[in-house]
Amino acid sequence: MLLLSGSAIQAQLVITPGAELNISGNTQLTISNMDFINNGKFTAGNGTGSCTDNTSSVLRVSQATPFNNVEINKNGGAALT
């Protein structure tokens, strides 16, 4: 889903209720300049989830969201909430 608001672009990775996102093996999931919202089922596998950008992002989950490894690298005062 891509939302446009004025000149700012905000993207979201949304897993809706009843939907599944399965990552297998050692695949890396990189969330950059976007929100991650899990209302469905997320399986991370053995890979690494990373959040790297210079804008504030939201990590919102309605149930346990396990990651094997997590890397957070925010720049310029950006926050992960």
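The values are calculated or read from the model by the stated rules, or taken from the named source; none is laboratory data. Note that the structure is a prediction, hence the values are computed from the model and not measured. When we count neighbours, we look across all protein chains shown, and the Cβ atoms used for this are built from the backbone with ideal geometry, even at glycine.
For segment 29-49, which residues satisfy the criterion of being over 13 Å from Gln12 (Cβ atoms) and either exposed (fewer than 12 other Cβ atoms within 10 Å of the Cβ) or of a type in the set (A, V, I, L, M, F, W, C) (or both)? The answer is Leu29, Phe42, Thr43, Ala44, Asn46.
Going by what's in this entry, would Thr81 be described as farther than 19 Å from Gly18 by Cβ and free of Cβ contacts under 8 Å to residues at least 24 places away in the same chain? Against the criterion (farther than 19 Å from Gly18 by Cβ and free of Cβ contacts under 8 Å to residues at least 24 places away in the same chain), Thr81 does not qualify. Each residue in segment 50-81 was checked for being surrounded by 12 or more Cβ atoms within 10 Å (Cβ to Cβ), of a type in the set (Ser, Thr, Tyr) and either part of a loop (DSSP other than H, G, I, E, B) or modelled with pLDDT under 75 (or both), and 3 pass. For first residues located in segment 41-54 and over 13 Å from Asn73 (Cα atoms), partners that are among the aliphatic types (A, V, I, L, M) and surrounded by 17 or more Cβ atoms within 10 Å (Cβ to Cβ) and lie 6+ apart or on another chain with Cβ distances below 6 Å form the pairs Phe42/Ile15; Ala44/Ile23; Gly45/Ile23; Gly47/Ile23.
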